[in-house]
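Here's the structure, in structure tokens; my notes come after.
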Amino acid sequence: MAKEYGYFDDAHREYVITDPKTPFPWINYLGNEDFFGLISNTAGGYDFFKDAKFRRITRYRYNSVPMDSVGRYFYIVDDRLVWNPGWKPCKTALDGYECRHGLNYTRITGVKNKVRASVLYFVPLGVKAEIQRLTLTNESDEKKTLKLFSYTEWCLWNGATDGENFQRNLSTGEVEIERSEWTAIYHKTEYKERRNHYAYYSVNCPVNGYDTDRESFVGLYNDLSEPQAVLEGKATDSLAHGWSPIASHYIEVGLAPGESKDFIFVLGYEENEEGNKFASNSQFSIHNSQLLTSLGERDHHIINKERAHEVIKRFSTVEAVEAAFAELQALWDELLSKYRVESLDERLNRMVNIWNQYQCMITFCMSRSASFFESGIGRGMGFRDSNQDLVGFVHQIPSRARQRIIDIASTQFPDGGCYHQYQPLTKRGNNDIGGGFNDDPMWLIFGTTAYIRETGDFSILDEMVPWDNEPGSEVSLMEHLRISFDHVVNNLGPHGLPLIGRADWNDCLNLNCFSNDPNESFQTTGNKTEGSRAESLMIAGLFVYCGRQYVDLLKSRAESKETKDEIARAEKEIEKMCKAVEQFGWDGAWYLRAYDYYGNKVGSHENEEGKIFIESQGWCGMARIGAELGMLDKALDSAAQLLDSEHGMVLNYPAYTTYHIELGEQSTYPAGYKENGGIFCHNNPWVIIAQTEAGRGNDAWTLYKKIAPAWIKDQDLHKVEPYVYCQMVAGKEAAKPGEGKNSWLTGTAAWNWLTISQHILGIRPTYEGLMINPCIPSDLKEYKVTRKWRDAEYVITVKNPNGKQHPDQPVVLPYAPGKHTYEVVL
Ligand code: GLC
Ligand code: GLC
């Protein structure tokens, strides 16, 4: 049996890591509102406020050796021995180690020489701070005198320039140190001028010393596994002036046999309004020996710390920490109660009831910005990504999904095109990347209609939403949807299929890019769209699928003549698109992928490589285009035959082995990776949904299990976290098929959620009511779903005594408040 590095503890909703040497850092996320932290199983990672680029609080060195070597560390000195509860950075062998990643919290415990150190990390609800509760226990029968050092390194706020502009950075760092019944180190770089925010790291007791300058603490020639101050057994009381400001507390701890002591560290962020930024003289005298600042006596800019003090005081006791932690747990009880399955398959229950829903929350919060594969400085929120993410999240906190829809729609252009990305802090579109991805507009229909089906809140359609955030340009959200629909209608190519623009969902199929210059990015380079004939079958399927959602929405609304005309018009366009796909988008045994700039086929048996692609099988299949002509079934058979493998379906087959300038980035990836023949987990669920459309419950279940983390067989091979989906698993043509990469931030989470909850288990909100339309493996005999929907609760038992895969007819349970119990027999 392959080695396991941990196990699921479903009762506590945790994944428990028992060996710190996981095949890759296995991380978790703290916070689900505005303050976030990434934390690995050895306490590596960093914090930021809202935006991982513009408000990076602590520093992290991506791409360093060994990897994941900065974080929030505690050093414990026991006699001459130095160790960390999370094993790193000292890597002193521990007598006991455990890391429990739970829902927005992580608890890391290390045991060495009969001292147990356990740290609970979490961000309390409504608080802009990470709490670290460290419990030290003496499990020996002798008195212990320990030395404790904390360590975290400040980032100079902008995650990008922090790693770049050293001629400035190394001179700007400033801190304040406050010593009273608590000890707090404040990071105030650039606070006196344009910033209105500061960060702090406090502990709820007086200390024996501190350090705020990295070199003084670590030593210029040392690394974090052997900080000089720790080795020498005492802090240097350094005051940072430029260079690299850090925060480290030094505490001497005496522990009687059996005794336990708690320390509460708060790593926080606060903002002050202009005019209220500085402490008045009466609040603070610089001569107060309790306060030290980098600039010293001439510092006229002492931070007004009222807000930080409130948080520090609030979390000065263990009881307060426990109460806040209980609140976080209660929130998750509530979130996970919206959809619960009970079946005999514990892995299914685990995915549905815990980990898939949890990951959906994280992708909703982060989009593709900050993970151990996304540096947080490259991308903000994606237009398409966020619309998909919210479909996995909308049942949890619909009001936040609503706001997200408005934010996203506000970055749209008046012709329906969209900024491809925007920054969460400013909510403005990113000019660096701009627009022109022709799938983007349809995703707004996808996200908005999912929101309304979930909530019944049609009022969102009347919200006045600007174009490109331009005040005065507002039109209703409904109008945004119409214009999104028309963006496809107005951008058709020679076959009546959608023009691809810069790319469609597959960012790397850059049919109009023609880049020969290694200094260009495929993502930002201007395209040669003049005269282009590049058309996308993926957008065609997307248009038919989301276009029908648009029509359903109109139908459920008013009966006015205007609406009826719009329905008729939209239906005609959808019909035309279906015909175009049947006529020009069918390759004989599967759906074509695209036409290139010159009008040549992509994803056809006529091509030498890249004969078949997954996206068009998924989308045209989900949209059932040509199903009556047998296309859907044939396409699914072809996908099974050519794309499938042990670990899931690859994106295209065979992968490209040479650079095709007319295809772009896709053909730059080595065969078997990423968009070139990798198993892009995001699009496997499209095929699964298409399989359910064809009534193939057994096939859908088999493919679902290949991708779902709960069924991972070989953790060493899979490499990344076994509790969440990753974006890509190396495909059958790669060197190591089955090796996962890019975990956490992927549309895979939302899509698998949609797939399992609505299409396999088949509980689907509609405008009319809750539809029960399972498509399951024939050997699944029974399951029960509890679904809280709007202000109703449905308890639905599905029974399958005769080994069927789906019902003859779906059932629609009308919406009515209150609790309802139903039984459906297939
Ligand atoms: C990444 C992007 C997503 C894109 C996909 C395929 O996951 O976040 O927007 O659709 O790759 O290229
Ligand atoms: C690259 C990646 C793709 C991602 C895109 C985002 O093209 O391969 O997955 O969506 O970058 O910019």
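Residue count for segment 725-747, restricted to those that are within 18 Å of K705 (Cβ to Cβ), within 12 Å of ligand 1 (Cβ to nearest atom) and either of a type in the set (K, R) or modelled with pLDDT under 95 (or both): 0.
Residues in segment 730-752 that are open to solvent by 10 Å² or more (accessible area, probe 1.4 Å) and under 19 Å from the mean Cα position of the chain (by Cα): K741, N742. When segment 557-566 is examined, which residues are found to be within 18 Å of H480 (Cβ to Cβ) and not in a loop (DSSP other than H, G, I, E, B)? Across segment 557-566, the qualifying residues are E562, T563, E566.
Just one residue in the set L754, L770, L745 is part of a strand (DSSP E or B) and not charged (D, E, K, R); that residue is L770.
In segment 141-157, the count of residues that are crowded, with 19+ Cβ neighbours inside 10 Å, part of a strand (DSSP E or B), on the phi > 0 side of the Ramachandran plot and touching a residue at least 40 places away in the same chain (Cβ under 8 Å) is one or more. Applying the condition of being more than 13 Å from ligand 2 (Cβ to nearest atom) and among the aromatic types (F, W, Y) to segment 358-407 and asking which residue is nearest to E33 (Cα to Cα) yields F364. Screening E768 on (1) farther than 20 Å from Y15 by Cβ; (2) at pLDDT 95 or above shows it passes everything except condition (2). Of the residues making up segment 797-810, none is surrounded by fewer than 19 Cβ atoms within 10 Å (Cβ to Cβ), free of Cβ contacts under 8 Å to residues at least 60 places away in the same chain, closer than 27 Å to Y451 by Cβ and of a type in the set (V, I, T). Restricting attention to segment 520-562, the residues that are more than 16 Å from ligand 2 (Cβ to nearest atom), farther than 30 Å from D462 by Cβ and surrounded by fewer than 23 Cβ atoms within 10 Å (Cβ to Cβ) total 6.
In segment 375-391, the residues that are outside any loop (DSSP other than H, G, I, E, B) and of a type in the set (S, T, N, Q) form Cβ pairs under 8 Å with partners that are modelled with pLDDT under 95 and within 13 Å of ligand 2 (Cβ to nearest atom), at six or more places apart or across chains, as follows: S386/S367. In the set G378, G392, G434, only one residue is at pLDDT below 95 and away from ligand 1 (no atom under 12 Å from the Cβ); that residue is G434. Of the residues L497, L481, L461, which is away from ligand 1 (no atom under 16 Å from the Cβ), open to solvent by less than 20 Å² (accessible area, probe 1.4 Å) and touching a Leu at 6+ places or on another chain (Cβ under 6 Å)? Selected residue: L461, the only one of L497, L481, L461 that is away from ligand 1 (no atom under 16 Å from the Cβ), open to solvent by less than 20 Å² (accessible area, probe 1.4 Å) and touching a Leu at 6+ places or on another chain (Cβ under 6 Å). Taking every residue in segment 541-562 that is among the small types (G, A, S) and pairing it with any residue that is surrounded by 15 or more Cβ atoms within 10 Å (Cβ to Cβ) and part of a helix (DSSP H, G or I), at least 6 positions away or on another chain, the pairs with Cβ-Cβ distances below 7 Å are G541/S616; G541/W619; G541/C620; G541/M622; G547/F485; G547/A570; G547/E573; G547/I574. Screening the candidates I707, I756, I688 for the property of being within 16 Å of ligand 1 (Cβ to nearest atom), buried (at least 22 other Cβ atoms within 10 Å of the Cβ) and modelled with pLDDT of 95 or more yields one hit, I707.
A quick yes/no check of all residues on (1) within 11 Å of the chain's Cα centre (by Cα); (2) open to solvent by less than 10 Å² (accessible area, probe 1.4 Å):
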site	(1), (2)
V352	no, yes
F364	yes, yes
R368	yes, no
S375	no, no
G380	no, yes
R384	no, yes
G416	no, yes
Y419	no, no
Y422	no, yes
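If you go through segment 767-777 and keep only what is out of contact with any helix residue (DSSP H, G or I) (no Cβ under 6 Å at 6 or more places or on another chain) and open to solvent by 10 Å² or more (accessible area, probe 1.4 Å), you end up with E768, M771, N773.
The values are calculated or read from the model by the stated rules, or taken from the named source; none is laboratory data. All of these numbers come straight from a predicted model, not from anything done at the bench. Note that we place each Cβ from the backbone using ideal geometry, even for glycine, and neighbour counts take in every protein chain shown. What goes into the accessible areas is simple: the full protein's heavy atoms, side chains included, and nothing from ligands, DNA or RNA. Shrake-Rupley method; radii C 1.70, N 1.55, O 1.52, S 1.80 Å.
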